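Trainee: Here it is: the structure, laid out below.
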Amino acid sequence: MIALVLHEFHRSLDARFTEVNGVEAVDHYGEPLVEHAALRNVAGVIDLSFRGRLCLTGNDRQKFLNGQVTNNVKDLAVGEGCYAALVTAKGKMQSDLNIYCLADELLLDFEPGLPGAVTQRLEKYIIADDVQVVDVASHYGLWSVQGPKADEVVLRLHLGLELPAKRMSFVSVPDDTLGEVYLMRQPRLGTQGFDLFVPNTALDGLAARLVAAVQAVGGRVCGWQALEMARIEAGLPRFGADMDEANLPSEAGLDERAVSYTKGCYIGQEVIARLRTYGQVARALRGLRLADHLPELPVKGDKLFKDGKEAGFITSSLFSPALQCNIALGYVRREANQIGTVLFLRTAQGESPVKIVSLPFRRD
């Protein structure tokens, strides 16, 4: 397992650790429900340095990546970013990506454990292009500030920069103690949020300042459990949990955020464009309101039925602390996935009703 650079710092805060796709992450700091409440109601800071980070360099980097991903990269100006999917020639996902256009490189941020696979996929198509793929995780760490008071937390860092206004836009500043810091407006949970990329040599200094800043507004440092709770409540799919190599981007509801239908050719473009032209996908990710008082929450792969026929399956489930009910994300076939439809979940514990609801989840 690849350890966090700040393992000892987190341990000094009584962190409990977990593994996410072969990489160490903080699971929680002793009170995951309190951490979740901070993320939803105030602000939380999270060490996301376990995520994958690559940079593309070379004169052809922007043109090349535009031909590999689903969104428009070629028109990004320095200081702008976009969300995209990396897909096969058959349109199936290999990763989702946050892409940022820096002055001399493109920065890719994605789920942990995937740098090798993403690098291999990209390098497969580098033929005569002036492009190099560099793993920068050993050089830059990633902290995130999420929640309604995220802006206030970042301002308390006194970095001497103006907060970026547009989603996925960013600014950079050379800090006397931290080095070159990149601040991205990146709401990861449907509220307010920022990501900070900072040199690994300065991670200790940033971490201490972030913890002090978030505590000053009534928030706290948070771990993976709280982040996942808030993500599921927001109805946001995660690659490796709610979407994987078997999925088309449109099945996971990524069309609006991650796909450009005007940018021109890229690997997998024909399949994705044809789906839009000739009809809907056969299944789609949906929000699911589960029955109360279940003996156990369903696990990934548990089946959903409609009129006795298999209609879908669960991907993520949660007893929502915010909503005080059982919820889940899952794929449901087109003929049975309208909002309000009642399905039935079958597990080893028996059968229970499931209602399809709109996302993000809300109180009944």
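The values are calculated or read from the model by the stated rules, or taken from the named source; none is laboratory data. Note that the structure is predicted; figures quoted are calculated from it, not measured. Counting neighbours? That spans all protein chains shown, and the Cβs are built from the backbone with ideal geometry, glycine included. Ligands, DNA and RNA are stripped out before the accessible areas are found, and what is left, the full protein with its side chains, is counted by its heavy atoms. Shrake-Rupley method; radii C 1.70, N 1.55, O 1.52, S 1.80 Å.
Trainee: Working only with C-alpha atoms, what are the Rg and Dmax values of region 242-364, expressed in angstrom?
Mentor: For region 242-364, the Cα-based Rg and Dmax read 15.8, 50 Å.
Trainee: Follow-up question, since we're still on this one. Considering only protein heavy atoms, what per residue accessible area in square angstrom results for region 163-241 with a 1.4 angstrom probe?
Mentor: Numbers: 2720 Å² over 79 residues.
Solvent-accessible surface per residue comes out at 34 Å².
Trainee: Oh, and also: How many Å² of accessible area per residue for region 48-144, probe 1.4 Å?
Mentor: 36
Trainee: From zero up to wherever the largest Cα-Cα distance of the chain sits, split into 20 Å bins and tell me the percent of pairs in each.
Mentor: Answer for the chain: a P(r) of 29, 58, 14, 0 percent.
Trainee: OK, next. Over all directions, average the projected area of the Cα convex hull of region 320-364 and note it in nm².
Mentor: Result: a mean projected hull area of 3.8 nm².
Trainee: Wrap a convex hull around the Cα atoms of region 43-108, take a quarter of its surface area, and give that in square nanometres. Write out the running numbers ahead of the final one.
Mentor: Working: hull surface 22.1 nm².
Mean orientational projected area (region 43-108, Cα hull): 5.5 nm².
Trainee: Moving on to the next point. Take the solvent-accessible surface of the protein heavy atoms, probe 1.4 Å, and return the percent of it on region 157-239 that carbon and sulfur atoms account for. It would help to have the intermediate numbers written out before the result.
Mentor: Values: 1580 of 3090 Å².
Roughly 51 percent of what the probe reaches on region 157-239 is carbon or sulfur.
Trainee: Also: Quick one: divide the alpha-carbon radius of gyration of region 175-293 by 2.2 N^0.38 Å and tell me what you get.
Mentor: Ratio of Cα Rg to 2.2 N^0.38 Å: 1.44.
Trainee: Give the percent of DSSP beta bridges with both residues in region 1-123 that are antiparallel, rounded to the nearest 5.
Mentor: The answer is about 95 percent antiparallel.
Trainee: Keeping the other protein chains in place, figure out the carbon and sulfur percent of the accessible area of region 1-123, with a 1.4 Å probe.
Mentor: 47
Trainee: Convert each backbone phi in region 152-167 into a coupling constant with the Karplus relation 6.51 cos²θ - 1.76 cosθ + 1.60 (shift: θ = phi - 60°), then list the ³J(HN,Hα) values in order as whole Hz, x for Gly and Pro.
Mentor: With coefficients 6.51, -1.76 and 1.60, one gets 5, 4, 5, 4, 6, 6, 6, 7, x, 9, 8, 5, x, 8, 8, 3 Hz.
Trainee: Here's a follow-up. So between Thr277 and Phe313, what do we pick up on full extension, going 0.36 nm a residue minus the alpha carbon distance?
Mentor: Extra length available between Thr277 and Phe313 comes to 10.3 nm.
Trainee: Another question, if that's okay. In region 105-177, what is the volume of the convex hull around the alpha carbon atoms, normalised per residue and reported in Å³?
Mentor: Convex hull of Cα atoms, per residue: 143 Å³.
Trainee: Rounded to the nearest 500, what is the 222 nm mean residue ellipticity of the chain from helices alone, with -39500 (n - 2.57) per DSSP H run of 4+ residues and division by all residues?
Mentor: -5500 deg cm²/dmol
Trainee: Hey, can you grab everything whose amide H is under 5 Å from the amide H of Lys92? Only 5+ residues off in sequence or another chain; H modelled, so Pro and N-termini drop out.
Mentor: Amide H neighbours of Lys92, under 5 Å, 5+ apart: none.
Trainee: Give the long-range amide H neighbours of Val20: residues separated by 5 or more places, or on another chain, with amide H under 5 Å away, using H modelled in the peptide plane at 1.01 Å from N.
Mentor: It is Ala25, by chain and number.
Trainee: OK, next. So what J values fall out for region 8-22 if you push phi through Karplus, 6.51 cos²θ - 1.76 cosθ + 1.60 with θ = phi - 60°, rounded to Hz, Gly and Pro as x?
Mentor: For region 8-22, the Karplus curve yields 5, 4, 5, 4, 5, 9, 6, 5, 10, 9, 9, 10, 10, 6, x Hz.
Trainee: Any aspartates and glutamates with Cα under 16 Å of the Lys355 Cα? List them, leaving off those in the same chain fewer than 8 positions away.
Mentor: Glu233, Asp292, Asp302, Asp307, Glu310, Glu335, Asp364
Trainee: Find me the longest stretch of the chain that has none of the exposed GluC sites (Glu not before Pro), where exposed means in a DSSP loop (not H, G, I, E or B) with at most 11 other Cβ atoms within 10 Å.
Mentor: 1-161
Trainee: Can you send over the carbon and sulfur percentage of the accessible area for region 246-364, probe radius 1.4 Å, protein chains only? Walk me through the numbers before you get to the answer.
Mentor: On the way: 3160 of 6380 Å².
Here it works out to 49 percent.
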